[in-house]
Structure formats: C-alpha cells, structure tokens
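Q: Quick one: this structure, given as structure tokens, is what I'll be asking you about.
Throughout, read-outs are computed from the coordinates displayed, never taken from laboratory work. Just so it is clear, the model here is predicted, and its values are computed rather than measured. Backbone-built Cβ (ideal geometry, glycine too); neighbour counts: all protein chains shown.
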Amino acid sequence: MSFADLPAVNAGLNGLSAILLSAGYYFIRSKDRNAHRNCMIAAFCSSLLFLVCYITYHSYIAWHLHRGPTSFKDPAWFRPVYLAILLSHTLLAGLILPLALITLNRALKQRFALHKRIARWTLPLWMLYQIFPQR
C-alpha cells in the first residue's frame, strides 16, 4: 500500500463508519443496547482511523511532495459550490469531534439520560458529516 491509496482507504473508512452509525441507530431503536454500544464504538474507531489516515495523507502531500492546499479553478462557475461544501464540511468537522467525545464519554460512564440528550444531536450531525465529500 502506498500513500496514493489513502484516499480510497479514507472513503472506505467513512463508508464503514456511516454503516456502523446506521446499524447503531437501528439497534438502539430496537432496544438492543449491547449491539448499539458495539456499533457506536466501532464507528468511533473507524472515524478515528479515518482522521489519522486523512492527516497522514495531507501531511505527506504538504511536506514530502511540497504541494499546498487544493485549489479549485475549473470550471469557474462551480468554485462557489465547492467552497460552500468545503466550508460546511470544515464546520461540521470542528463541531462533531467534541460532540462525539462528550457523547461517548457519557455512555462509557453510564450517564444514559445525559448521553441520550446529546446523542440526539451528535448522530444526525455525524451522519451529515459522513456524506459530505472530503478532499
């Protein structure tokens, strides 16, 4: 495996995370707490692995290949759309990390009432984050 394979790995990890999140939601609605916990921990781990791979890939691009950030030029009409997607993705990334950590922490400490209150927001935002494309 080379660094050129990391974007495909990242896509796979994001897809896996989305599947695990959906399964976790299904299991909690079915009152299967064990399966829910396992899916959510696995989703968190796959997202964490995605983050490591994403940072590794972009660090390699910047430091070893001496290429700066991606610039979007053609077609010119699509640039505002691209920048809007990039901005929303960046904002979601900054928001979802603390929410996921707080949600996971509350579940691990078995503070389920507080966990449920924040999970109502964390899961939809995490799923939205999963569907936005990354560069």
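Q: I need the peptides 40-48, 109-117 ranked by packing, meaning the mean over residues of other C-beta atoms within 10 angstrom, with the highest value on top.
A: Top of the packing list down: 40-48, 109-117.
Q: OK, next. Test of understanding: what is the full-extension gain from I85 to F72, defined as 0.36 nm times their sequence separation minus their Cα-Cα distance?
A: Taking 0.36 nm per residue and subtracting the Cα distance, the gain is 3.5 nm.
Q: Within the set of other residues whose C-beta is less than 15 Å from the C-beta of L101, count the net charge using Lys and Arg as +1 and Asp and Glu as -1.
A: Value of the local net charge: +3.
Q: From the helices alone, meaning DSSP H stretches of at least four residues, give me the mean residue ellipticity at 222 nm for the chain, per-run term -39500 (n - 2.57), in deg cm²/dmol to the nearest 500.
A: Calculated at 222 nm, the ellipticity per residue is -26500 deg cm²/dmol.
Q: Using a cut-off of 25 Å between alpha-carbon atoms, which lysines can reach K31, once sequence neighbours fewer than 8 places away in the same chain are excluded?
A: K109, K116
Q: Specify the inter-centroid distance of region 100-127 and region 1-58, based on alpha-carbon positions, in whole Å.
A: If we compute the Cα centre of each part, the gap is 16 Å.
Q: By how many nm would the segment from T56 to A35 lengthen if fully extended, with 0.36 nm per residue of separation less the alpha-carbon distance?
A: Difference between extended and current length: 4.4 nm.
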